[in-house]
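Here is the structure we will look at.
The values are calculated or read from the model by the stated rules, or taken from the named source; none is laboratory data. All of these numbers come straight from a predicted model, not from anything done at the bench. Cβ: placed from backbone, ideal geometry, glycine included. Neighbour counts: every protein chain shown. When the accessible area is computed, the model is the full protein with side chains, heavy atoms only, and any ligands, DNA or RNA have been set aside. Shrake-Rupley method; radii C 1.70, N 1.55, O 1.52, S 1.80 Å.
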Amino acid sequence: MKIKIGTGKKARLQEGMIGLFFEDINYAADGGLYAELLENRSFEFLKATGDARDYQVEYDGSYGWEMYPAGAKGQCRCVMGSPHCEENPHYMRLETAVPGEGLQNKAYEGICLKKDMEYRLTFWARCVRFDGTFLAVVEKDGVVYAQARIQAAEGKEETYNYFRKYEGILQATGDVNQAVFALCLSEAGIVELDFISLMPQDAVCGIFRRDLFDMLKELRPGFIRFPGGCIVEGNTLANRYRYKDSLKPVWARKNNWNRWAVHGNCEENGYEGIYSHYNQTLGLGYYEYFLLCEMIGAKPLPVLNVGLACQYQSHELVGMEDPLFQEFVQDALDLIEFANGSTDTTWGAVRAKMGHPEAFGLTMLGVGNEQWQTEKVDFFQRYEIFEKTIHAVAPSIQLIGSAGPDITSERYEKAWAFYHAHQEQENFVYAVDEHYYVKPQWLYDHTDFYDGYDRKVKVFSGEYAAHPSSGFNQPYANTLEGALAEAAFLTGVERNGDVVVLASYAPLFARVGYAQWSPDMIWFDSTSCYGSPSYYVQKLYAHNMGNATLETFGQEKQAAGEGLYYSASFCEKSGEVIVKVVNSREMAQHIVLELPEEWQKAAESGNKGGIRMQVLAGTGKDLYNSIGEPEKIVPVEQTCDSLEGIALPPLSFVVLRIKVA
């Protein structure tokens, strides 16, 4: 097929249009990007059971901890009374009967150490009847791979109620997986313990798991939307994400149960899921999210609760006439001050005290997540109050609205009618957040989805993914077919860059064996990680966005009939035409690119080494990457000699960069 491309620039493309959406689902934070190796480090975990509108939460502070070694004669129990901090009032009282007894931690599927790497141990202890030595060990099958001895009297800091802070370094003598971490006493005694933490020394800023951080940085995302997602709302308002709880020292951040702990509960499983202990320590909090954005060059896009619990799971809300509603509104103003305020403001001073006196430069803010208007839920009025209040204080902040959880229902239509009714009001809404998790064929069939959208109100494709299959723990759901359908749909998103200004795949992370939702962009276990084919589609787009789309003369429908989907843009900095083409057929196809005469001549003289191609392809639509085969489907660099007869492999996504200026 011949694809004709003109010099006419149709739509300016938003810089940083391709971004990320982070939600603490699939153990993406604790157990994932947050590098902490231990579970339930503050003895505050909750067990969540029940189903929609009928949840039960019970304290289970001993979760993940037990006596060490097997058969120990001592005992441990969670108590209250004189806590290390008021926010997390429980702590562990350890009574040992003989030397060498202590506590061991579940640590997900066990501790992973890398030879020669150092690991930083931190814990707080009150020695009730003990003046010996703490021994921290990582062992497996009787072999010790790392250890540290710390004298009980050498705690550096002390709280008002005599908890002392202890630190030590464990260096790994060899590689080991699924090992046991234990904190033991050198002799019989009684010690009260809290906040036992083990962090790898290579964690970025002492916070982020390095390999996962690197994968995010390699994407070059334009923005990160956080912290969700449904956890923003919570299954109950008491369970919602309270960002101010995360603006404290890590040991003083109030533990919360994760709403995804009850996902999939039903009568068949007794309304208790396999992840009933999925909690949030908030070690990865708002300061860390802002820091992550800064470090990888992405704009922050935090999302705020508007006084509504998750509408899928609850009818709970705070009425707008209730004084408590003003707290939700004030949270928005305080967040802007935390991100952008000078150090002599209340919340700017909090940011500075946490280590960042410079402003983070917040420009965008989400008002609600996946909210919609009903007879009982007055979301539109809430949005208007937030908009008016925020812009009275910070008129330049760009607000993201919600179109609800889908793009096919009456609630979606009502949302757009609301935003269009205010489209003449300056800065009322920057973009409207649309979500769609659909079969691959839907994405192929709707590459023209945004062709007819009104250009006055912009779109944020905030959560999208192809779902060849879906469910718990399905790495195989991230197929090549799904990724190619996403690439095809994004050709239409790019072509309509004058209306779609932001786009992010969802969800971002999944820990193997701990996933409540599939497919996902990046999969990982305790030792390694890999990008799904969808990850590489996102990466190819993020790395190859021009400044403006180019005229393509309406051939897209004809091409789609042949299983081809494409877009073209121009990069002003490099003087290149960037063409993205998806071949959805299970056979090779050829295309001819027809450029204007002046560009054609420039291409012939300016691409002597061949035209650069990046090719993502595979031999079957159901192929997927895995921990065992992480690079089964990855982009490869190629060149072609001519714009005539460019070969597209079967089931492929190809990016061509052609020097023309």
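Tabulated data for the structure shown
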read-out	value
Of all residues in the range 391-406 being under 25 Å from Gly229 (Cβ atoms) and among the polar types (S, T, N, Q), the one that is surrounded by the most Cβ atoms within 10 Å (Cβ to Cβ)	Ser402
Pairs where the first residue, in the range 291-308, is open to solvent by 10 Å² or more (accessible area, probe 1.4 Å) and the second is basic (Lys, Arg) and not in a strand (DSSP E or B), C-beta under 6 Å, 6+ apart	Ile296/Lys217; Asn305/Arg240
Meets criteria (buried (at least 19 other Cβ atoms within 10 Å of the Cβ), more than 14 Å from Phe123 (Cβ to Cβ), of a type in the set (A, V, I, L, M) and touching a residue at least 60 places away in the same chain (Cβ under 8 Å)) for Val138	no
For Trp416: the one exception among (1) in a loop (DSSP other than H, G, I, E, B); (2) more than 26 Å from Ile336 (Cα to Cα)	(1)
Any chance Val537 is in a strand (DSSP E or B) and either in contact with a Gly (Cβ under 8 Å, 6 or more places away or on another chain) or in contact (Cβ under 8 Å) with a residue 60 or more places away in the chain (or both)	no
Test for Lys376: is it more than 26 Å from Gln326 (Cβ to Cβ) and open to solvent by 40 Å² or more (accessible area, probe 1.4 Å)	no
Residue match in the range 126-136 (condition: small (Gly, Ala, Ser) and in a strand (DSSP E or B))	yes
Test result for Lys254, within 17 Å of the chain's Cα centre (by Cα), at pLDDT 95 or above and open to solvent by 10 Å² or more (accessible area, probe 1.4 Å)	no
Selection count where residues are open to solvent by 10 Å² or more (accessible area, probe 1.4 Å), among the aliphatic types (A, V, I, L, M) and in contact with a helix residue (DSSP H, G or I) (Cβ under 7 Å, 6 or more places away or on another chain), scope the range 221-251	1
Which numbered condition Thr133 fails, given (1) within 30 Å of the chain's Cα centre (by Cα); (2) under 15 Å from Leu185 (Cβ atoms)	(1)
Only listed residue being more than 30 Å from Ser526 (Cβ to Cβ) and either in contact with a helix residue (DSSP H, G or I) (Cβ under 8 Å, 6 or more places away or on another chain) or assigned to a strand (DSSP E or B) (or both), chosen from Ala559, Ala568	Ala568
Lone unmet requirement of (1) touching a residue at least 40 places away in the same chain (Cβ under 8 Å); (2) assigned to a strand (DSSP E or B) for Ala107	(2)
Leading residue by the ranking (farthest from the chain's Cα centre (by Cα)) among those in the range 312-361 that are polar (S, T, N, Q) and at pLDDT below 95	Ser314
Conditions (1) in a loop (DSSP other than H, G, I, E, B); (2) touching a residue at least 24 places away in the same chain (Cβ under 8 Å); (3) small (Gly, Ala, Ser): number failed by Ala339	(1)
Trp347, sole failed condition from (1) touching an Asp or Glu at 6+ places or on another chain (Cβ under 7 Å); (2) in a helix (DSSP H, G or I); (3) hydrophobic (A, V, I, L, M, F, W, C); (4) open to solvent by less than 30 Å² (accessible area, probe 1.4 Å)	(4)
Hey, Glu218 among the charged types (D, E, K, R) and either modelled with pLDDT of 95 or more or open to solvent by less than 70 Å² (accessible area, probe 1.4 Å) (or both) or not	yes
Tally of residues being on the phi > 0 side of the Ramachandran plot, of a type in the set (S, T, N, Q) and open to solvent by 10 Å² or more (accessible area, probe 1.4 Å) across the range 19-50	0
Odd one out for Tyr514, checked against (1) open to solvent by less than 20 Å² (accessible area, probe 1.4 Å); (2) part of a loop (DSSP other than H, G, I, E, B)	(1)
Residue count for the range 150-201, restricted to those that are open to solvent by 50 Å² or more (accessible area, probe 1.4 Å), in contact (Cβ under 8 Å) with a residue 12 or more places away in the chain and assigned to a strand (DSSP E or B)	7
Of all residues in the range 259-273 being part of a helix (DSSP H, G or I) and open to solvent by less than 40 Å² (accessible area, probe 1.4 Å), the one that is nearest to Val232 (Cα to Cα)	Arg259
Some residue of the range 102-110 being modelled with pLDDT of 95 or more and more than 25 Å from Gly31 (Cβ to Cβ)	no
Unmet requirement for Ser82, which otherwise passes all of (1) farther than 20 Å from Ala252 by Cβ; (2) over 26 Å from the mean Cα position of the chain (by Cα); (3) of a type in the set (S, T, N, Q)	(1)
First in the range 429-453 and free of Cβ contacts under 8 Å to residues at least 60 places away in the same chain and under 27 Å from Val303 (Cα atoms), second anywhere and charged (D, E, K, R) and part of a loop (DSSP other than H, G, I, E, B), Cβ under 7 Å, 6 or more apart	Tyr436/Asp406
Matching entry among Phe386, Phe360 (being surrounded by 12 or more Cβ atoms within 10 Å (Cβ to Cβ) and either of a type in the set (D, E, K, R) or part of a helix (DSSP H, G or I) (or both))	Phe386
Candidates Thr447, Thr408, Thr389, Thr374, filtered to the one that is modelled with pLDDT under 95 and among the β-branched types (Val, Ile, Thr)	Thr408
Qualifying residue in the range 366-375 (condition: more than 30 Å from His422 (Cα to Cα) and within 25 Å of the chain's Cα centre (by Cα))	no
Residue, nearest to the chain's Cα centre (by Cα), within the range 274-290, restricted to residues that are of a type in the set (A, V, I, L, M) and crowded, with 21+ Cβ neighbours inside 10 Å	Leu284
